[in-house]
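The values are calculated or read from the model by the stated rules, or taken from the named source; none is laboratory data. None of the values given here were measured: they were computed from a predicted structure. Note that each Cβ is placed from the backbone with ideal geometry, even for glycine, and that neighbours are counted across all protein chains shown. With ligands, DNA and RNA removed, areas are computed over all heavy atoms of the protein, side chains included. Shrake-Rupley method; radii C 1.70, N 1.55, O 1.52, S 1.80 Å.
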Amino acid sequence: QVQLVDSGGGSVQAGGSLRLSCAASGTIFRINNMSWYRQTPAKQRESVATITSGGSTNYADSVKGRFTISRDNAKNTVYLQMNSVKPEDTAVYYCNADLTYVRSGYYVTNQYWGQGAQVTVSS
């Protein structure tokens, strides 16, 4: 069984910083892309940042230059460093991993989601 656990959410003032973490656990064989998404009650879930297994990154225009995604492959963990945060960054942030794991002797590839971490930015 595979599990993703988000952590690091909280409240911060505009202009401040916050770091989110997401650790994957289980009988994982390989993790491909890892991503962060966010969602508010008024919007659909949107992609924030993605990092490939090779370390290539991609960001939403709204966070470019402010957020940095990174990963530690040895720990099966992805991070999102959020700097110069704005009130519009307020959302529930979810990590996502496209991974291959072992189940009953077979390799299975699927996407998994973390439980979500609330980030609140006050002005």
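Screening segment 16-60 for residues that are of a type in the set (Ser, Thr, Tyr) and under 20 Å from Val2 (Cβ atoms) and picking the one that is nearest to the chain's Cα centre (by Cα) gives Ser35.
Being at pLDDT below 95 and assigned to a strand (DSSP E or B) holds for only one residue in Tyr101, Tyr94, and it is Tyr101. Restrict the check to segment 81-88 and report whether at least one residue is part of a strand (DSSP E or B), at pLDDT 95 or above, open to solvent by less than 30 Å² (accessible area, probe 1.4 Å) and closer than 26 Å to Asn110 by Cβ. No, the conditions are met nowhere in segment 81-88. Mind checking which residues of segment 1-46 are open to solvent by 20 Å² or more (accessible area, probe 1.4 Å), in a loop (DSSP other than H, G, I, E, B) and of a type in the set (A, V, I, L, M)? Residues satisfying the conditions are Ala14, Ala42. Kindly provide the set of residues from segment 47-75 that are assigned to a loop (DSSP other than H, G, I, E, B) and buried (at least 20 other Cβ atoms within 10 Å of the Cβ), ordered by number. Of everything in segment 47-75, just one residue is assigned to a loop (DSSP other than H, G, I, E, B) and buried (at least 20 other Cβ atoms within 10 Å of the Cβ), namely Val63. Select from segment 74-121 the residues that are of a type outside the set (A, V, I, L, M), more than 14 Å from the chain's Cα centre (by Cα) and under 17 Å from Ile28 (Cβ atoms) and list them in ascending order. Matches in segment 74-121: Lys75, Thr100, Tyr101, Arg103, Ser104, Gly105, Tyr106, Tyr107, Thr109, Asn110.
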